[in-house]
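Q: Quick one: structure below, then a few questions.
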Amino acid sequence: MPIKKEIAMIGLFLMFILAACSNNKSEDKSSEDNTEKEPVLKNNIELSVNEASINEEVHFTIDDLDANTDVQLEWTEVEGTYTIQNLYEFIGTEYTSKEISLVSGTSNEEGKWEGSFKVPEGFGGDHTLFVTSDDKKIGQKGFFVRPSFTLKPESGPVGTEVTLEVEGLGWKTYKSMWNLTYDNKYTGMVSGVSTNGKAKAVFRASGNVGKHFLSLRSGYLGSPYINHESSPHSGWPAPDFVFEVTDEAPITDKYVEETPKAASGGVKMPDLENKKDVEVTMNKEEGIVGEKVTMKASNLPKNKEVELVWNTMKGSRVTDSGFDEESSIMDSISSDADGNAEYEFAIPDDLGGLPHRIDLKVGDEIYGQTYLRITPSIVNISPSSGPAGTEISITIKGGGWTEYDNAYYLTYDNAYTGYMCAFNSQGTLEYKVIATGEPGYHVIDMYPGVYQQQEIETDMTLIPQLTYREDHPGSAMPAIRYGFEVTEK
């Protein structure tokens, strides 16, 4: 009897386990049945070509559609921007995808649709085409947008401004940052992040009379990738160019370029806080150190002393002491019987980059505020000529302090030689260059760039950014141009 009882209990236990397993399987199957499956997209799009450049026409034939149905051909596109936090911290690049309509139409009685589209402006590389109807995707096809490149002009004397125009740069890690070399010397970076793959890289012609050879290569961490043909991305172009320096007088002007456009409109400064009806205006929003500007204010307390407070940043990001905002009194003025005040002053010798805030204080209260930006200026470049080995002294005012405008990047005859920082010296850049090369005029250029960033996949730090006029993040820093005449010994 005890043995039969044990056998019966074991049987009941096994039946319970089997039932539980059966129920779990039934529940799993029910769960699977209730999950909506993604529709399998058809391979029903035929194209006249599988790759093309921007604005080139592509013909398509799409079949296996419902008859006499409204359909659309859509395209996956990407938008790029730079991410900045706390006004001064450069995070890196950010991309978001979206789908745009290329062309609409109606399928025929056989469920076929034919037409054409032009490759839209935007980033190059791999894209996906979708045929849709009633906002539902039906079929898909891969397509490659091939970048195009134009160098102009192709000849000119030393100092000629040369522009390399590109459409269709990529956005993924290895294809978003390209690098230009001039006679096998690294010159700088070409980017199109905020301009959605479109780039205008600007540099100046240098070297002896004759042909000079330029190469543009994609790469990683600010370096050109050389063995392009055997890379995983060999389908991308690796363009070369020739510029011919002509036997004409060199262009020897020294100057700071006009303030360019900051990428995506630049950094948005904090809103100014003025008391009700108080207005503070400047006759100029920006200027160089020492330049005269005039500030006007209205609806201040009447017949009161007004302190003008200048706000700036001081310190260093590479020492333990760090940095912080610091305020100082520029001057004290008086409002008149109507509450108006006017003040002319020379722009202080201070940091460039982001604008400085000026507070108008009456007693312990701030009644009005305004912004004033300091732009770079050339103070001294001497001497301007001499034999090879001559030491050239340069002083620039108006350098910035943030991670994207703290530094300038120097090229000598289109060869990148190093960088310099302005924060620790409160906007002043003092440095020396040793003249080298054959007798003749040698171009020396200072380019904006990025000093530091947090995101490393598309690292663009510590190199000249040749696309600074439209795609430099933050505060719109200009390039600075000068040169040196090497004479016979």
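Just so it is clear, none of the values below were taken in a lab; they were calculated from the coordinates. All values derive from a computational prediction rather than experimental measurement. Cβ sites come from the backbone with ideal geometry, for glycine too, and all protein chains shown count toward neighbours.
Q: By per-residue mean of other Cβ atoms within 10 Å, what is the highest-first order of 458-468, 166-176? Don't skip to the answer; put the middle values down first.
A: Numbers: 458-468: 23.4, 166-176: 21.3.
Result, highest mean Cβ count within 10 Å first: 458-468, 166-176.
Q: List the relative contact order of the stretch 143-211 as a percent without decimals, with contacts defined as Cα pairs under 8 Å and 6+ residues apart.
A: Values: 109 pairs, mean separation 23.6, N = 69.
Computed value for the stretch 143-211: 34 percent relative contact order.
Q: Same structure, new question: Please list 478-484, 124-130, 309-315 highest first by mean number of surrounding beta-carbon atoms within 10 Å per residue. Before the final figure, lay out each step's value.
A: Values: 478-484: 23.1, 124-130: 19.3, 309-315: 17.1.
Output ranking for 478-484, 124-130, 309-315: 478-484, 124-130, 309-315.
Q: A follow-up question, please. Kindly write out, for the stretch 421-434 in residue order, the coupling ³J(HN,Hα) from the Karplus curve 6.51 cos²θ - 1.76 cosθ + 1.60 (θ = phi - 60°), rounded to whole Hz, with x marking Gly and Pro.
A: In residue order, the calculated couplings are 10, 10, 5, 4, 9, 6, x, 9, 10, 10, 7, 10, 10, 8 Hz.
Q: Shifting gears a bit: Report the antiparallel proportion of the DSSP beta bridges in the chain as a percent, rounded to a multiple of 5.
A: Antiparallel: roughly 90 percent of the beta bridges in the chain.
Q: Shifting gears a bit: Could you give the distance between the Cα centres of the stretch 253-273 and the stretch 145-191, to the whole Å?
A: 23 Å
Q: Given H placed 1.01 Å from N in the peptide plane, which residues other than close sequence neighbours of Leu221 have an amide H under 5 Å from its amide H?
A: It is Asp459, by chain and number.
Q: Cα-based Rg of the stretch 73-146 per 2.2 N^0.38 Å, rounded to two decimals?
A: On the way: Rg = 16.8 Å, N = 74, 2.2 N^0.38 = 11.3 Å.
In units of the 2.2 N^0.38 Å rule of thumb, it is 1.49.
Q: Which far-off residues, 5 or more places away or on another chain, put their amide H under 5 Å from the one on Thr163, with H placed in the peptide plane?
A: Distant-sequence amide H within range of Thr163: Lys152.
Q: When the gyration tensor of the stretch 279-374 is built from Cα positions, what are the square roots of 5 times its three eigenvalues, in whole Å, from largest to smallest? Each step should come with its number before you reach the end.
A: On the way: eigenvalues 139, 49, 18 Å².
The three semi-axes for the stretch 279-374 are 26, 16, 9 Å.
Q: Another question about this same structure. Please arrange Phe213, Phe203, Phe123, Phe149 by counting, for each residue, the other beta carbons lying within 10 Å of its beta carbon, fewest first.
A: Values: Phe213 12, Phe203 24, Phe123 28, Phe149 19.
So the ranking, lowest neighbour count to highest, is Phe213, Phe149, Phe203, Phe123.
Q: Right, something else. Across the stretch 66-77, in residue order, what do the Karplus-derived ³J(HN,Hα) couplings come to in whole Hz, using 6.51 cos²θ - 1.76 cosθ + 1.60 with θ = phi - 60° and x for Gly and Pro?
A: These are the phi-based 3J(HN,Hα) values: 5, 5, 6, 10, 5, 9, 9, 10, 10, 9, 8, 10 Hz.
Q: Beta carbons within 10 angstrom, averaged per residue: use that to sort the peptides 224-230, 422-428, highest first.
A: Numbers: 224-230: 11.6, 422-428: 19.0.
The densest-packed peptide leads the list: 422-428, 224-230.
Q: Any idea how far the Cα center of the stretch 281-310 sits from the one of the stretch 381-412, in Å?
A: Spelled out, the Cα-based centre of one part sits 32 Å from the other.
Q: Right, something else. Provide the per-residue ³J(HN,Hα) series for the stretch 476-486, in order, calculated from phi with Karplus coefficients 6.51, -1.76, 1.60 and θ = phi - 60°, each as a whole number of Hz, with x at glycine and proline positions.
A: Each residue of the stretch 476-486 in turn: 6, 8, x, 7, 10, 10, 7, x, 8, 9, 7 Hz.
Q: Order of Glu438, Glu286 from fewest to most other C-beta atoms within 10 Å?
A: Values: Glu438 10, Glu286 18.
Lowest to highest Cβ neighbour count: Glu438, Glu286.
Q: Using only Cα atoms, find the angle between the long axis of helix 2-34 and the longest principal axis of the chain, and express it within 0 to 90 degrees, rounded to the nearest 10.
A: 60 degrees
Q: Give the long-range amide H neighbours of Lys42: residues separated by 5 or more places, or on another chain, with amide H under 5 Å away, using H modelled in the peptide plane at 1.01 Å from N.
A: For Lys42, whose amide H was placed from the backbone, the distant partners under 5 Å are Gly139, Gln140.
Q: Can you give the translational diffusion coefficient of the chain in µm²/s, computed by Stokes-Einstein from the Kirkwood radius over Cα pairs at 4 °C and 1.567 mPa s?
A: Numbers: Rh = 27.2 Å.
D = 48 µm²/s.
Q: Now for a different question. Magnitude of the Cβ-charge dipole of the chain, K/R +1 and D/E -1, about the Cα centre, nearest 20 debye?
A: Working: 42 positive and 78 negative charges, 188 e Å.
Taking the Cα centre of the chain as origin, the dipole is about 900 debye.
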